[in-house]
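The values are calculated or read from the model by the stated rules, or taken from the named source; none is laboratory data. Nothing here was measured: the structure is a model prediction, and the numbers come from that model. Please note: Cβ atoms are built from the backbone with ideal geometry, for glycine as well, and neighbour counts cover all protein chains shown.
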């Protein structure tokens, strides 16, 4: 990932939502990498902070640096395999909250547009019907604001920047997006995208679990 040299992640205490012998669930803050970047100045990340408390913690999935919200880590190799398979087979359920620019005309819909990295402009992604990988997002309006709309986003796939590019393709970029927004839509103190809810099955018991962290915006 290409990042500017002014990486100054928040230093708030780790917010632990759940912990047992197999999993740890945390609320990732905005502005913090999920995993280390290249170079010592990008070493601080959510994975290293979780491992400072739980040295055995293993990565399962990621959120963009600028996205906040629920992330799960595995405490054992078994749990990592089990959870990774759930994400791969799309049996997990994810719900995000976003504030987008403008007013969406419809109350709900689905974006089905294939995505691929925009190589000359990476880490940006783009819609490409020839070489892109399938990407599907359900969306629903929850509130209209002044020249903005609050939406609930439910990705059915897990492509890089999927929600950000799909909202851009609808003509309603996510507010505060440093990569895709321009002008007034970009002039916010953070990317208005938050992973509010994650549903998984426990790696040992198979019990369905739901974890939530309220959006801070």
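Considering the conditions (1) over 15 Å from the mean Cα position of the chain (by Cα); (2) more than 21 Å from residue 73 (Cα to Cα); (3) part of a loop (DSSP other than H, G, I, E, B), residue 206 is excluded by exactly one of them, (2). Of the candidates 106, 154, 160, the single residue that is under 14 Å from the mean Cα position of the chain (by Cα), in the same structural domain as residue 188 (by TED's automatic domain parsing) and outside any strand (DSSP E or B) is 160. When residue 170 is tested against (1) outside the structural domain of residue 21 (by TED's automatic domain parsing); (2) farther than 17 Å from residue 103 by Cα; (3) modelled with pLDDT of 95 or more, only condition (2) is not met.
Is it fair to say residue 162 is within 19 Å of residue 35 (Cβ to Cβ), modelled with pLDDT of 95 or more and in contact with a helix residue (DSSP H, G or I) (Cβ under 8 Å, 6 or more places away or on another chain)? The answer is no for residue 162.
To keep it simple, each residue is scored yes or no on (1) over 22 Å from residue 164 (Cα atoms); (2) assigned to a loop (DSSP other than H, G, I, E, B).
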site: 9; (1), (2): no, yes
site: 12; (1), (2): yes, yes
site: 21; (1), (2): yes, yes
site: 32; (1), (2): no, yes
site: 44; (1), (2): yes, yes
site: 63; (1), (2): no, yes
site: 66; (1), (2): no, yes
site: 83; (1), (2): yes, no
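Once region 1-53 is narrowed to residues that are in contact (Cβ under 8 Å) with a residue 60 or more places away in the chain and surrounded by 15 or more Cβ atoms within 10 Å (Cβ to Cβ), the residue that is farthest from the chain's Cα centre (by Cα) is 22. Only a single criterion out of (1) assigned to a strand (DSSP E or B); (2) surrounded by 20 or more Cβ atoms within 10 Å (Cβ to Cβ); (3) touching a residue at least 40 places away in the same chain (Cβ under 8 Å) is not satisfied by residue 172, namely (1).
Evaluation of residue 151 against the conditions (1) surrounded by 12 or more Cβ atoms within 10 Å (Cβ to Cβ); (2) free of Cβ contacts under 8 Å to residues at least 40 places away in the same chain shows that the sole unmet condition is (2).
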